[in-house]
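First up is the structure itself, then whatever we jot down about it.
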Amino acid sequence: MKELPQTVFVVDDDDAVRNSLKLLLKSAGLHAEVFGSAPEFMSKYDAAQPGVLVLDVRMPGMSGLELQHELNLRGAAIPVIFITGHGDIPMAVEAMQHGAFDFLQKPFRDQDLLDRVQRALTRDTEYRAKLRHTDRIRERLASLSPREREVLELVTQGKANKMVAGDLGVSQRTVEIHRAHVMQKMEAGSLAELVRMMMAIARQP
Amino acid sequence: MLRAAMVASDENGNGASMDGGTARVRTIIVAGQSSQRTRKVLHALRGFTNVIWPTSLESALAQTRSNDAGCLVIADDLSEEPIDEFLQEARELRRSLPIFVITDPDDVAEAVSAMRHGATKVIEIPPSYAALCDEVMRAVQ
């Protein structure tokens, strides 16, 4: 499947700010899409599209903080960089507590924003790579039979084949066969790798 | 340089809860150099028992590691180490410990940096001593 391009989404109700940010981002070789309001952005945003959101805090109608809340409710993990001309500490703390990547006060230096955008894009790339990795593990997990799942759970708890056989009421040879199938289906080279896979999906909802 | 102080604990170091109950009171650790701001923070917290102001950052981290720790208040600059590094160390030691950072009013950049490095909340002082006490109260209850 073809990767979608990384995009810097800019949401700001001020035309001049939107246009200057678009020019700045373009001059840095970044693909940018600009929106004049939070609802306009929400109506067009596709969570599968990688990128970063540069978001004004104060906008008429839905504010930037409300848009962040809405994105969180939808489980969208896009990094958000807030920009504001009227920021205060409670506002910045609220944004950061809700997972903002950064919070910048206007006026800021162009390079400061570009640096943060680049860091946010890197984080988004890493996050999506982790997500793809755990998705692949989940797909492999779904291919296991119920008995193989039971064996997987017990061996990743550190139990030896003999103990697993006792727990499941089957022969040790049967456990060995199931275990071999588990290793093959999960594409795990070792028990340690299998444990790491299970930990990776446990960490990620 | 941090100076030692034990504030408002009883002679056994156990203290009583704010509502007069007898439940174990968790320690409120204050970190900050000997400055007017640190003293004001300590003064604001005078109604709490088991407020400690460790002698060094190492000691503050050791207290943070303790199961009795209720919260950490970073009251002021730490002359021996940047706040963000200390904050990160404390956060790594105790993932769930409430850590409050006191900043000057309107220092948004410092507040954002503190949040990024693991602060639970940043409180600007002055004016919000009451907000600090509310947060500390919630943390130790």
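The values are calculated or read from the model by the stated rules, or taken from the named source; none is laboratory data. Not measured: the values here are computed from a predicted model. Here Cβ is always computed from backbone atoms with ideal geometry, including for glycine, and neighbour counts include all displayed protein chains.
Summary table below
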quantity: The stretch A:188-204 - residue that is within 22 Å of A:Tyr127 (Cα to Cα) and touching a residue at least 12 places away in the same chain (Cβ under 8 Å) and, of those, surrounded by the most Cβ atoms within 10 Å (Cβ to Cβ); calculated: A:Met197
quantity: Tabulated pairs, the stretch B:90-111, first farther than 11 Å from B:Cys71 by Cα, second of a type in the set (S, T, N, Q), C-beta under 7 angstrom, 6+ apart or interchain; calculated: B:Leu93/B:Thr64; B:Val108/A:Gln105; B:Glu110/B:Thr103; B:Ala111/B:Thr103
quantity: Residue within the stretch A:64-87 that is over 24 Å from A:Lys44 (Cβ atoms) and assigned to a helix (DSSP H, G or I) present; calculated: no
quantity: Output for the stretch A:48-63, where each listed residue is in contact with a helix residue (DSSP H, G or I) (Cβ under 9 Å, 6 or more places away or on another chain), part of a loop (DSSP other than H, G, I, E, B) and within 25 Å of A:Val93 (Cα to Cα); calculated: A:Val57, A:Arg58, A:Met59, A:Gly61, A:Met62, A:Ser63
quantity: Enumeration of residues in the stretch B:92-124 that are over 16 Å from the mean Cα position of the chain (by Cα) and within 8 Å of another protein chain (Cβ to nearest Cβ); calculated: B:Pro105, B:Asp106, B:Asp107, B:Val108, B:Ala109, B:Val112, B:Arg116
quantity: Set B:Glu89, B:Glu85: member being surrounded by fewer than 19 Cβ atoms within 10 Å (Cβ to Cβ), in contact with a Leu (Cβ under 7 Å, 6 or more places away or on another chain), away from chain A (no Cβ under 14 Å) and in a helix (DSSP H, G or I); calculated: B:Glu89
quantity: Residue in the stretch A:74-86 that is within 12 Å of chain B (Cβ to nearest Cβ), in contact (Cβ under 8 Å) with a residue 60 or more places away in the chain and more than 18 Å from the chain's Cα centre (by Cα) present; calculated: yes
quantity: Which numbered condition A:Ala32 fails, given (1) more than 18 Å from the chain's Cα centre (by Cα); (2) outside any strand (DSSP E or B); (3) not β-branched (Val, Ile, Thr); calculated: (2)
quantity: Subset of the stretch A:87-107 (residues that are at the interface with chain B (Cβ under 10 Å from one of its Cβ atoms) and either on the phi > 0 side of the Ramachandran plot or of a type in the set (S, T, N, Q) (or both)); calculated: A:Gln97, A:Gln105
quantity: Test result for A:Leu131, out of contact with any strand residue (DSSP E or B) (no Cβ under 6 Å at 6 or more places or on another chain), more than 14 Å from chain B (Cβ to nearest Cβ) and modelled with pLDDT of 95 or more; calculated: no
quantity: Residue among B:Ser56, B:Ser96, B:Ser35 that alone is out of contact with any Leu (no Cβ under 8 Å at 6 or more places or on another chain) and farther than 20 Å from B:Val136 by Cα; calculated: B:Ser35
quantity: The lone exception for B:Asp76 - which of (1) charged (D, E, K, R); (2) touching a strand residue (DSSP E or B) at 6+ places or on another chain (Cβ under 9 Å); (3) more than 14 Å from every other protein chain (Cβ to nearest Cβ); (4) part of a helix (DSSP H, G or I) it fails; calculated: (4)
